[in-house]
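Worksheet: one structure, shown below.
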Amino acid sequence: MQLYNSIDIWILMVICGVITFLIRFSFLKFANDTLIENMKEFLSYMPASIFAAIITGGVFNKGINSISVDNFKVYAMIFALFIAYRFKNIILTICSGLAILWGLNFINRLIS
């Protein structure tokens, strides 16, 4: 006995998504005039902090065992941190970190 078909589930997901969007959008749209400046500044750091959490989780996916000589992600992350601090450009940071990671992997394959 099937309680819901796939169309019902898709409709429910779309409705939940629209409701979630409207709740978040209404807070940012209508409360924008009343938010204090400190809250606006705090919210401006959210994308960078979420991005950093995602990257750190990917680099240190094996916990403390991730810090080793053969983990090129750590080297790429350190280089990307330097680029981010120096130039304050997210696109340059991502591209330089990926270039270092790919370059180290390529050199490692040539040597092996």
Worksheet item: Filter the stretch 66-112 for residues that are of a type in the set (D, E, K, R) and within 16 Å of Ala52 (Cα to Cα); which is modelled with the lowest pLDDT?
Response: Lys88
Item to complete: Kindly establish whether Ile19 is open to solvent by 70 Å² or more (accessible area, probe 1.4 Å), under 19 Å from the mean Cα position of the chain (by Cα) and modelled with pLDDT of 80 or more.
Response: no
Worksheet item: Going by the conditions given, is Asn5 open to solvent by less than 100 Å² (accessible area, probe 1.4 Å) and at pLDDT below 85?
Response: yes
Worksheet item: Within the bounds of the stretch 37-49, is there any residue that is outside any loop (DSSP other than H, G, I, E, B), under 23 Å from the mean Cα position of the chain (by Cα), hydroxyl-bearing (Ser, Thr, Tyr) and surrounded by 11 or more Cβ atoms within 10 Å (Cβ to Cβ)?
Response: no
Worksheet item: Just checking, which of Lys62, Lys88 is of a type outside the set (S, T, N, Q), over 23 Å from Asn108 (Cβ atoms) and within 21 Å of the chain's Cα centre (by Cα)?
Response: Lys88
Practice prompt. Kindly check whether there is at least one residue in the stretch 73-87 that is open to solvent by less than 80 Å² (accessible area, probe 1.4 Å), out of contact with any helix residue (DSSP H, G or I) (no Cβ under 7 Å at 6 or more places or on another chain), aliphatic (A, V, I, L, M) and in a helix (DSSP H, G or I).
Written response: no
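The values are calculated or read from the model by the stated rules, or taken from the named source; none is laboratory data. Since we're looking at a predicted model, the values are computed, not measured. For neighbour counting, all protein chains shown are included, and Cβ atoms are generated from backbone atoms with ideal geometry for every residue, glycine included. These accessible areas exclude ligands, DNA and RNA; they are computed on the full protein's heavy atoms, side chains included. Shrake-Rupley method; radii C 1.70, N 1.55, O 1.52, S 1.80 Å.
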